[in-house]
1. Would you check if A:ARG69 is open to solvent by 50 Å² or more (accessible area, probe 1.4 Å) and not aliphatic (A, V, I, L, M)?
2. How many residues are touching a residue at least 40 places away in the same chain (Cβ under 8 Å) and open to solvent by 20 Å² or more (accessible area, probe 1.4 Å) if we restrict to segment A:385-408?
3. Return the pair list, or none, for Cβ contacts closer than 6 Å from residues in segment B:182-201 that are away from chain A (no Cβ under 14 Å) to residues that are open to solvent by 50 Å² or more (accessible area, probe 1.4 Å), at least 6 apart or on different chains.
4. Between A:LEU354, A:LEU343, which is surrounded by 19 or more Cβ atoms within 10 Å (Cβ to Cβ) and not in a helix (DSSP H, G or I)?
5. What tally of residues in segment A:311-340 results from selecting those that are within 21 Å of A:ALA83 (Cβ to Cβ) and either among the hydroxyl-bearing types (Ser, Thr, Tyr) or within 13 Å of chain B (Cβ to nearest Cβ) (or both)?
6. Just to be sure before I move on: is B:VAL205 surrounded by fewer than 21 Cβ atoms within 10 Å (Cβ to Cβ), in contact with a Phe, Trp or Tyr (Cβ under 7 Å, 6 or more places away or on another chain) and either at pLDDT below 95 or within 14 Å of another protein chain (Cβ to nearest Cβ) (or both) in the structure I sent?
7. Can you tell me which residues in segment A:178-212 are assigned to a strand (DSSP E or B) and open to solvent by less than 10 Å² (accessible area, probe 1.4 Å)?
8. Among B:ASP92, B:ASP103, which is the only one that is acidic (Asp, Glu) and at pLDDT 95 or above?
Amino acid sequence: MTLFLQNARLIDPERLTETPGNLLIEAGRIVALGDIAVPEGAEVIDCAGKCLAPGIVDLGVKIGEPGERHKESFRTAGRAAAAGGVTTVIARPDTLPAIDTPESLEFATRRAAEAPVRIRHMAALTKGRDGREMTEIGFLMDAGAVAFTDAEAVTTDAKVLSRAFTYARALGAMVVGHPQEPGLSHGAAVTSGKFASLRGLPGVSPMAERIGLERDLALVEMTGVRYHADQITSAASLPALARAKAAGLDVTAGVSIHHLTLNEFDVGEYRTFFKMTPPLRSEEDRLAAVQAVADGLIDVICSMHTPADEESKRLPFEQAASGAVGLETLLPAALRLYHAGALSLPQLFRAMALNPAKRLGLAQGRLAEGAPADLVLFDPDAPFVLDRFTLHSKSKNTPFDGTRMEGKVLATFVAGVQVYPHNEK
Amino acid sequence: MSFRARHLLGIEHLAPEEIRTVLDLADRYVELNRRTVKRTDVLAGMTQINMFFENSTRTQSSFELAGKRLGADVMNMSMQTSSVKKGETLIDTALTLNAMHPDLLVVRHASSGAVELLSQKVNCAVINAGDGKHEHPTQALLDALTIRRSKGRIEGLTVAICGDVSHSRVARSNLFLLGKMKNRIRLIGPPTLMPSGISEFGCEVFENMREGLEGADVVMMLRLQKERMDGGFIPSEREYFFRYGLDAEKLACAKPDAIVMHPGPMNRGVEIDGTIADDITRSVIQDQVEMGVAVRMAVMDLLAQNLRAERGRAAVGDVYV
């Protein structure tokens, strides 16, 4: 089947360009793009001058299977992803139980077939994510794990980590760390400082992130493992990251869209939908993180999609669950940075599609001949007010409820097949 | 009258005029409370429920007495032994109580923001009797009344707040109130018990108690919240008393007529020397307890007036609909 997308604004995150043009898809791949003519017999879609970019590769999505399907299933997460222009979901292993054996990974892989987008899985680095014994990294890789992480469960046992890192390095596996010093962050609900003191909430210094990062980077230097920091959210961590990269360590870093577009004061009067891990930071930290993405020091923007049910959020702030859904709001939230002039569209898609795909060794994330035809067509200027109950996610815990946003997904394609708008049968 | 609030959740959102309104009315209740017959009927027919999720004897009795003297039907719910233990959530507890049509709900809870959350779910007036490390507004109001009656004003004074500021909701509410009234505020304590970013609130922070007390009109001691300590904030109680306990020698750094306050219950020999606490020429600690009842009567009176006005408007609306 041949599909011809004409009259688009092509967003190329590799060459950092945006140019008007057409794009031709055959057998699930991009076969030509640019100033090309429509071939005989092709199905034609007119893009009306809107933006066509590689589909988003979202590194670090929590899906509630197994164990918490009332929060999110592969089917609902997949539909949310398609609606948000996310064509590849990299699922986190912090499920109940954790994805820490080839058998549980096979279960998740089988269940993931219900999703209309691509799902790839990360597996736990240690059994039960409890930081004591490493998982069967080799078997898990054979079963399809693209990276290894204990998510937000951070072990203080450097010995265990150094062994796991060493073993992972030998197999060429990538480790995703959560830079945080758990002693400092224990019990914290917000970032320490004026706001925490004002609200009387237990706070954690952003230094806890830097200490965690420095520890992990020292272990990377010691073992040579491929390492990605899931979220770097504070200015204090950035010099350490820059030093590690300059020293040639195989290190990358991500940041959640919430830390790029919200700050600690958004919590306001104890609004639990703004409770995140790590907590939202100061405005200075937010601006530093945005600049680091623009400079390429922070490589990846992700949604850190973390579904939470209503009950777990309808509690006093300290007791409430942490995290927010983000698959559907990642793109419009990221476009705030574009409209604010902080990042260009190609820069955004470099961080949301190209870099995460490259880092995980996936062919996605590029707008080029031969690349998989995973695409998102969107209007960056279309305004709307978000109503959380219109989200496709089973959980509706978004911090953007009721806020004005700009940028709507018009269509999403996976391997050349349109998956959004949803084809309801 | 200038007191428009629906609930009293904190001092942060009160206007100086509203604070003065409470204090003026409380002055009148002080007089009433000193008579033999103390009963009025401004809350007659109304129901007040005290919900204390955290243990309290002093504050709860003060609220109970205030409600009874105003003629309300007062019920105390001990939340330690209630359905909360059976796993009921805060919101469900609130909705259950709300269905019994209370008019005033007095709530203490160990989590910051919990009283605010509860207030969103009920249609009576809610009074925060202390939420976590956030606010304890009636304590700040009773402190203000005590200061005003002792010093003749509640503006332009130098007030030193000493001790465990970090874990103290009393300190936060006082910080807001005294700041709104244009006083000079000094916070004194070891840096491990000082909340981060606190100097941005427009107060001076001192680690040396003698320097901090220099020229103070009011010395407000805080309880060393032993039950809230995760451990390791101070080396020992005796070192704390040596450096931050209020004794005659340190008090001599303050103005000769400086008054000494403490929200109670006191740890004698930890944050305050017993002889200072008992010195009736300096200590106004017993006055604070007396003012507490009057201030709580004033607050409940004002909230009840607003509640009646609101329900009156709703009833008139019904006629038209």
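1. Considered against the rule, which asks whether it is open to solvent by 50 Å² or more (accessible area, probe 1.4 Å) and not aliphatic (A, V, I, L, M), A:ARG69 comes out as yes.
2. Of the residues in segment A:385-408, 6 are touching a residue at least 40 places away in the same chain (Cβ under 8 Å) and open to solvent by 20 Å² or more (accessible area, probe 1.4 Å).
3. These pairs meet every condition: B:LYS182/B:GLU155; B:ARG186/B:GLU204.
4. None of the other options fit; the residue is A:LEU343.
5. 2
6. No, not satisfied.
7. Within segment A:178-212, A:VAL190, A:THR191, A:VAL204 qualify.
8. Testing whether each residue is acidic (Asp, Glu) and at pLDDT 95 or above leaves just B:ASP103.
The values are calculated or read from the model by the stated rules, or taken from the named source; none is laboratory data. Since this is a predicted model, take the numbers as computed values, not measurements. Cβ atoms come from the backbone with ideal geometry, glycine included; neighbour counts cover every protein chain shown. For accessibility, only protein heavy atoms count, side chains too; no ligands or nucleic acids. Shrake-Rupley method; radii C 1.70, N 1.55, O 1.52, S 1.80 Å.
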